[in-house]
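All remarks here apply to the structure that follows.
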Amino acid sequence: MLPMHTIAVRAARAAGQTILRAYAELDRVEVSSKGVNDYVTNVDKEAEAAITYQIRKSYPDHTIVCEESGENKGTNKDYVWIVDPLDGTNNFVRGIPHFAVSIAMQFKGKTEVAVVYDPIRDELFSAVRGKFAKLNDFRIRVANKDLGETIIATGFPFKAKQHTETYMKLFATAFTQSADVRRAGSAALDLAYLAAGRVDGFFEIGLKPWDIAAGDLIVREAGGTVTDFTGNHNYLASGNIVAGSPKVTTALVKSFRPLLSEALKR
């Protein structure tokens, strides 16, 4: 899988250069709405094209699933690349320097390679299943703290506001039981920061596979655990995720379980 890791890194950096050039001239960025509080820019599409080009150049028969263009099927169904060219678009269009490129490669349904790249800070988080999790050239590990000492990252369910009441109960529980809570606007970077020990836990409702797939592997290869709100492993399908060190994930799931609506128990 290491050659595919190399291609994922190359693709992420190519997309990052596209994003950085546009970030320097935000007044020229074209923004359109996909839905309520859900935006796409020409930069998302250009970055996605740069990623697809790099993958297709080396693996023309692989399938690529992108946030903006959907599924681009290849003849080899075993290999699937899951791509978010710009996670944190709302931050990007407002000039908030916190967003990332997220690329994961699955083989027969298991994520084998993952890259999350922050072009602003030139920080590249990556993992290969069973081998390592790194930030640039340095190995990373999740922090191992008691829940009361932790900083927990989260994201508001702005695309799934029907869960607002339940989410606020979960937020209140996390806030009162931890040292503090952060909401930065990029799930991919939240998971990458968790893997690097910058935050200690993470939870969110209603994410998509391209938001989660790369960060999921990076966290697990850094010694963390990732579950849904019931402690099971359906988070890529449901989009409902809890992550942290084994101790923190267990504590959060235990605290959240009595507060879940029926919709979040599935």
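The values are calculated or read from the model by the stated rules, or taken from the named source; none is laboratory data. Predicted model only: the values in this text are computed from it and were never measured. Quick reminder, even Gly has a Cβ in these numbers, built from the backbone with ideal geometry, and neighbours come from all protein chains shown. Only protein heavy atoms, including side chains, enter the accessible area calculation; ligands, DNA and RNA are left aside. Shrake-Rupley method; radii C 1.70, N 1.55, O 1.52, S 1.80 Å.
Output the 0 to 90 degree angle, nearest 10, between the alpha-carbon long axis of helix 209-221 and the longest principal axis computed from the alpha carbons of the chain.
On a 0 to 90 degree scale, this one is about 70.
How much accessible area per residue does the chain have, in Å², with a 1.4 Å probe?
Normalised by residue count, the accessible surface of the chain is 43 Å².
Quick one: grab Rg to one decimal and Dmax as a whole number for the stretch 126-216, Cα atoms only, in Å.
In Å, with Rg to one decimal and Dmax whole: 13.9, 42.
Tally Lys/Arg at +1 and Asp/Glu at -1 over every other residue whose Cβ is under 15 Å from the Cβ of Leu26; what's the total?
Once positives and negatives cancel, what remains is -2.
Probe radius 1.4 Å, ligands and nucleic acids ignored: give me the carbon and sulfur share of the accessible area of the stretch 83-158 as a rounded percent.
Taking all protein chains in place, the stretch 83-158 shows 48 percent carbon and sulfur surface.
Once you wrap a convex hull around the alpha carbon atoms of the stretch 11-74, what is its projected area averaged over all directions, in nm²? Show your work: numbers first, answer last.
Values: hull surface 18.6 nm².
Computing the convex hull of the Cα atoms and averaging its projections yields 4.6 nm².
Roughly what would the spin-label model give for Glu165 and Ser58, points 7 Å off Cα along C-beta, in nm?
So the label points at Glu165 and Ser58 sit 5.0 nm apart.
Full extension from Asn232 to Tyr23: what is 0.36 nm times the residue separation minus their Cα-Cα distance, to one decimal in nm?
Result: 71.3 nm gained on full extension.
Output the pairs from Lys45/Lys73; Lys73/Lys161; Lys169/Lys265; Lys110/Lys169 with a Cα-Cα distance over 23 Å in this structure; if there are none, say none.
With Cα atoms farther than 23 Å apart: Lys73/Lys161; Lys110/Lys169.
Mind putting a number on the dipole of the chain about its Cα centre? Charges go on the C-beta only, +1 for Lys and Arg and -1 for Asp and Glu, and I need it in Debye to the nearest 20. Write out the running numbers ahead of the final one.
Numbers: 33 positive and 31 negative charges, 123 e Å.
So the magnitude is around 580 debye.
For the chain, what is the Kirkwood hydrodynamic radius in Å, using each pair of distinct C-alpha atoms?
18.3 Å
Among Leu194, Leu26, Leu236, which one moves the most in a GNM of the chain with springs linking Cα atoms closer than 10 Å?
Leu26
Nearest 10 degrees is fine. How inclined is helix 164-177 to the longest principal axis of the chain, computing both from alpha carbons?
70 degrees
Sort largest first and round to whole Å: the equivalent ellipsoid semi-axes of the stretch 168-242, each the square root of five times a Cα gyration tensor eigenvalue.
Semi-axes from the Cα gyration tensor: 18, 15, 12 Å.
Solvent-accessible area of Leu2, probe 1.4 Å, all protein chains present, reported in Å² to the nearest ten, please.
For Leu2, the solvent-accessible surface is approximately 90 Å².
Counting DSSP beta bridges in the stretch 153-266, what percent are antiparallel, to the nearest 5?
Antiparallel bridges: around 70 percent, rounded to the nearest 5.
Heavy atoms only, probe 1.4 angstrom, no DNA, RNA or ligands counted: give me Trp81, Trp210 ranked by accessible area, highest first. Walk me through the numbers on the way to the answer.
Details: Trp81 0, Trp210 50 Å².
If we order Trp81, Trp210 from most to least accessible, we get Trp210, Trp81.
On full extension of the chain, what length is gained from Asn76 through Leu259, given 0.36 nm per residue of separation minus the C-alpha to C-alpha distance?
Gain on stretching Asn76 to Leu259: 61.6 nm.
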